[in-house]
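Some notes on the structure that comes next.
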Amino acid sequence: MRAIFRVARATYYEGWRKRFLNGILVFAILIIGSSWVFTYLQPGAELKMLIDVGLGSIRFFGMLIAVFLGSRLVPDEIEKRTIYTLLSKPVTRMQFLLGKFFGGLATVVSNMALMGLTFYIVFMIKAPQFAQPTEDSPAYKMEFMYENIAKAVLLSFFEMAVVMGIAVVASVVFSWILAAIFSFFVYFTGQMSEFFGHLADPDTGASPVARVVLLTVYRVLPHFENFDVRESILTDVPVIWSYVGMTIGMGVLYITIVLALGYLFFNQREV
């Protein structure tokens with residue numbers, strides 16, 4: 001555990017020194033803060049825009065940071081040849097891989113926490129007007145809204161943990177550019193996993209081979225759409241803890257499987 005912590009701590013501090021990641025963070029905070037200007041919209045439309053821009057930005061920019069950081073963690077160590085020094089010490093390949101993952105994840109979560117705090121402040125300032133009914137918009141239950149937003153941000157953390165796991169493992173197999181492309185592909189395809197599951201239904205008329213392929217894609221891909229609860233927030237429906245726990249549990253299981261596969265690839269690779 002001490003070796004994992006040392007690698008993770010070094011990775012975390014190194015991640016914060018990457019200027020392009022800091023640039024993404026600053027831009028994300030500016031975008032989230034700019035949701036303040038939607039005052040010209042009706043309250044219902046303004047709330048929808050505020051939720052979409054705020055939570056959508058946290059997920060999107062968190063994904064960018066996770067992909068660009070995770071896809072470079074292992075290749076950068078190989079390029080700088082520091083990996084030889086690390087692995088020559090009493091640090092196993094599994095400890096190195098886990099340290100890189102947890103260090104990168106800590107960087108991503110801390111960046112997303114700043115985005116989430118910015119959004120929460122903006123929402124708290126504007127929330128009182130959404131609690132008042134108007135001719136064009138009903139009143140919203142703010143006690144549900146605040147809790148739902150906190151749960152949405154929490155789910156985003158674990159969603160990016162899955163993305164980070166995919167990016168780190170891809171960086172073991174590919175160059176960092178191919179790892180980033182692969183991670184983007186998995187993320188955006190994973191947003192449509194339910195669609196692939198629907199196409200695999202026999203009632204759609206797809207051929208048996210196509211159904212097998214579609215069902216395989218549906219089973220293998222992470223279901224990233226499950227981490228997005230913006231619709232529940234906008235419809236004023238509580239996001240229950242059992243759903244949050246089940247979604248987080250599935251994410252943790254997926255991360256475990258991905259990292260196990262990453263270790264198998266890494267253990268066979270000569271560095």
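The values are calculated or read from the model by the stated rules, or taken from the named source; none is laboratory data. This one's a predicted model, so the numbers in the text were calculated from it and none came from an experiment. Neighbour counts are summed over all protein chains in view; Cβ atoms, including those assigned to glycine, are modelled from backbone coordinates with ideal geometry.
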- Within the group 206, 210, which residue is modelled with pLDDT under 80, surrounded by 15 or more Cβ atoms within 10 Å (Cβ to Cβ) and farther than 23 Å from residue 51 by Cβ? 206
- Determine whether residue 158 is at pLDDT below 95 and either touching a Gly at 6+ places or on another chain (Cβ under 9 Å) or not in a loop (DSSP other than H, G, I, E, B) (or both). no
- Of residues in region 213-235 being charged (D, E, K, R) and surrounded by 15 or more Cβ atoms within 10 Å (Cβ to Cβ), the one modelled with the highest pLDDT: 228
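Residue by residue through region 58-88, note down the ones that are in contact (Cβ under 8 Å) with a residue 40 or more places away in the chain and within 15 Å of residue 173 (Cα to Cα).
The answer is 67, 70, 71, 72, 73, 74, 75, 76, 78.
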- Message: Give me the residue from region 94-115 that is surrounded by fewer than 18 Cβ atoms within 10 Å (Cβ to Cβ) and more than 14 Å from the chain's Cα centre (by Cα) and, out of that set, farthest from residue 171 (Cα to Cα).
- Response: 114
- Message: Taking the criterion of being modelled with pLDDT of 90 or more and surrounded by fewer than 19 Cβ atoms within 10 Å (Cβ to Cβ), would at least one residue in region 50-59 satisfy it?
- Response: yes
- Message: Looking at residue 88 and the list (1) modelled with pLDDT under 85; (2) touching a helix residue (DSSP H, G or I) at 6+ places or on another chain (Cβ under 8 Å), which single condition is not satisfied?
- Response: (2)
- Message: Against the definition (surrounded by 21 or more Cβ atoms within 10 Å (Cβ to Cβ) and more than 19 Å from residue 164 (Cα to Cα)), how does residue 32 come out, yes or no?
- Response: yes
